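Can you keep this structure in mind? I'll have questions shortly.
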Amino acid sequence: MIRSNMIFKNGIIYKDRILQPSDVLVEDGKIINVGYNLDFDVENTEVINCTGKYILPGFSDVHVHFREPGYEYKETIKTGSMAAISGGYSNVCTMPNLNPVPDSLEHLNIQLEKINEDSVVNIHPFGSITKDEKGLEVSEIEDMAAYVIGYSDDGFGVENDEIMYEAMERAAKVGKPIAGHCEVKSITGNGIINNGTYSKMHNLLDISNLSEYLEVERNIEIAKKTGCHFHVCHASTSETIALVREAKEGGLNITCETAPQYLLLSEMDMKDDGRYRFQPPLRSLRDRMALLDALIDGTIDVIATDHAPHSYEEKSKGIRGSLNGIVGLECAFPMLYTYLVKQKIIDLKRLLQFLTDNPKALFGVGSEISVGAPAEFSIWDLDEVTKINAEEFESKGKFTPFDGKDVYGVRKLTLMRRNRYDNKKKLATN
C-alpha cells in the first residue's frame with residue numbers, strides 16, 4: 001500500500017530556475033516541505049531514495065491532440081493523459097479539432113465532462129477560433145472564455161482577414177490568446193513535404209516556407225492593431241522566426257512555440273514512412289539552424305510536442321498516403337535532453353524553462369516544486385540509456401520519427417497529487 005506521506009530523499013530538484021540538492025516531503029498530495037535533510041515521521045512516511053536522480057516539476061505542453069470527443073479510435077482523454085504521465089507531463093493544452101468542435105459552451109461541455117471523468121493530468125482545452133473550424137464565422141468566444149486556455153483552429157489557417165481581426169479583437173477583450181496554425185492553403189495546395197532537396201530528389205509535391213510565414217506576418221499585424229496576445233504554433237521556418245523576433249523587439253505581445261522534430265531533424269532526415277508525415281513538414285537545415293538560434297536567444301518561448309495520434313491504418317501508407325501527425329509526449333524530454341543538452345546546445349536549466357517556467361508565465365499552466373503546491377513532479381535518471389520503443393507507448397498512436405533512437409533519461413516515477421505512477425505501472429490511489 002502507498003502511504004499518504006512520502007519523502008523523496010537526496011534528489012536534485014529544479015526550483016526557481018536553479019538545480020539544487022534537496023528532499024521533498026509530501027502529505028496527502030501536497031508538498032509540505034522542501035529542503036535538505038528534512039525531519040519527517042519515520043513510522044508513517046514512505047522513503048524514496050532519489051540519490052543521483054532529478055526531481056523535476058511536471059512539464060507543460062501547450063499543444064496536444066487527445067481526439068476525444070469524436071475520434072476515440074485515435075486517442076482518448078484517458079490514453080492521452082496516461083501518455084502525458086509517461087513523458088513526465090502534468091499539464092497539457094488540448095487542441096479543438098474534435099467532433100463536435102468546441103466552438104460553443106454547449107460543445108465544449110462535452111469535452112469538459114470527459115476530462116472530469118477520465119483525465120489523470122491537468123487538461124486545459126482550447127476553444128476554436130471559428131465555428132466548426134471552417135474559417136467563416138467566429139466562435140462563441142465570450143461564452144467559453146472562463147473555461148478555455150485560449151482559441152485556435154489548429155489544423156487550419158484562418159485565411160479571412162476580417163474573421164481573424166474580429167476573433168483577435170474579441171479574444172483581447174476577454175484576455176485570452178489566439179494560437180495560430182499559420183498556413184495559407186492556396187499555397188500549400190496538395191503538398192506533402194518541404195520545397196527542397198528531398199522533394200526534388202523524390203518527385204514529391206512540396207510546401208513552400210511562404211505558406212507559413214505569410215500568415216504569421218498577417219496575424220502579427222492584426223495583433224498589433226487589436227492588442228491581442230498572438231501565439232505562433234509549431235514554427236518551422238527561418239522567416240517565421242525573423243518575424244517573431246522583430247515583433248518582440250517592437251514590444252508586441254507575440255509568443256512562439258516549436259516542436260522537437262523541427263529542432264532535431266531537417267528534410268534530409270526524411271524517409272518514405274508515415275512517421276515523417278506531419279504539417280508543417282520538416283524544413284531545410286538552414287531553417288533548423290534558425291530555430292536552434294531562436295531557442296538560444298529566447299525568440300522561441302516554449303517547446304510543444306504537437307502530439308497528434310492516428311491509427312495504424314492512417315499512418316502506414318508511406319509519405320504519400322499517410323495522414324499528417326505524429327506522437328511526441330512520451331519521447332520529447334529524453335530526445336531533447338540527449339540531442340540538445342548532452343550536445344551542449346543548451347543546458348538542462350534552459351530546457352526546463354521551455355517545458356515548465358515559460359508555459360506557466362505565458363499561459364498560466366504549470367507545476368512547481370514549492371511548499372503548498374500540489375505534488376506534481378517526476379523522478380528521472382538522466383544517466384541511464386534506453387531505446388525509444390513506440391510499441392510500449394501508453395498513447396494509442398505509435399508513429400514517431402524518433403522510434404528506435406538511443407536516448408539518455410529514464411523516468412522512474414511520476415507523482416500526480418495522490419496518484420503515483422512507477423515507470424509503466426500505475427499503483428493504487430490512496
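The values are calculated or read from the model by the stated rules, or taken from the named source; none is laboratory data. These numbers were taken from a predicted model, which means no experiment stands behind them. Positions of Cβ are generated from backbone atoms using ideal geometry, with glycine treated the same way; all protein chains shown enter the neighbour counts.
Taking region 235-269 on its own, how many of its residues are part of a loop (DSSP other than H, G, I, E, B) and either at pLDDT below 95 or buried (at least 24 other Cβ atoms within 10 Å of the Cβ) (or both)?
Residues that pass the stated criteria total 4.
Pairs please, first residue from region 400-414 and crowded, with 22+ Cβ neighbours inside 10 Å, second anywhere and among the β-branched types (Val, Ile, Thr), Cβ atoms under 7 Å, 6+ apart in sequence or on different chains.
Once the first residue is crowded, with 22+ Cβ neighbours inside 10 Å and sits in region 400-414, its partners that are among the β-branched types (Val, Ile, Thr) give Thr400/Ile326; Thr400/Val327; Pro401/Ile326; Phe402/Ile388; Gly409/Thr338; Thr414/Ile85.
Conditions: (1) surrounded by fewer than 23 Cβ atoms within 10 Å (Cβ to Cβ); (2) more than 21 Å from Glu217 (Cα to Cα); (3) at pLDDT 95 or above. Ser199 meets all but one. Number of the miss?
(3)
Of the residues Leu295, Leu336, only one is part of a helix (DSSP H, G or I) and within 15 Å of the chain's Cα centre (by Cα); which?
Details: Leu295 fails: within 15 Å of the chain's Cα centre (by Cα).
Answer to the check: Leu336.
Quick check on my filter: what residues within region 156-174 are under 18 Å from Val101 (Cα atoms) and over 26 Å from the mean Cα position of the chain (by Cα)?
Within region 156-174, just Ile163 meets the criteria.
Tell me which residues, restricted to region 194-211, are among the aliphatic types (A, V, I, L, M) and either touching a residue at least 60 places away in the same chain (Cβ under 8 Å) or in a helix (DSSP H, G or I) (or both).
Scanning region 194-211 gives Met201, Leu204, Ile207, Leu210.
Looking at region 34-105, what strands (runs of 3 or more DSSP E) fall wholly within it and have at least 3 residues that are surrounded by fewer than 22 Cβ atoms within 10 Å (Cβ to Cβ)?
Working: elements: 45-49, 54-57, 59-64, 89-94.
Filter on region 34-105 gives 45-49.
Same structure, new question: Cβ contacts < 7 Å: first residue basic (Lys, Arg), restricted to region 315-329; second residue in a loop (DSSP other than H, G, I, E, B), any location; separation 6+ or different chain. Result?
Matching pairs, first to second residue: Lys315/Ser322; Lys315/Leu323; Lys315/Phe399; Arg320/Ile192.
Test each condition in (1) outside the structural domain of Tyr147 (by TED's automatic domain parsing); (2) at pLDDT 95 or above; (3) within 19 Å of Leu351 (Cβ to Cβ) for Gly87 and report the one that comes out false.
Among (1) outside the structural domain of Tyr147 (by TED's automatic domain parsing); (2) at pLDDT 95 or above; (3) within 19 Å of Leu351 (Cβ to Cβ), Gly87 violates only (1).
Let me ask another. More than 19 Å from Val371 (Cα to Cα), free of Cβ contacts under 8 Å to residues at least 60 places away in the same chain and over 27 Å from the mean Cα position of the chain (by Cα): which single residue out of Glu43, Glu27, Glu68 fits that description?
Numbers: Glu27 fails: more than 19 Å from Val371 (Cα to Cα); Glu68 fails: over 27 Å from the mean Cα position of the chain (by Cα).
Just one listed residue meets the conditions, Glu43.
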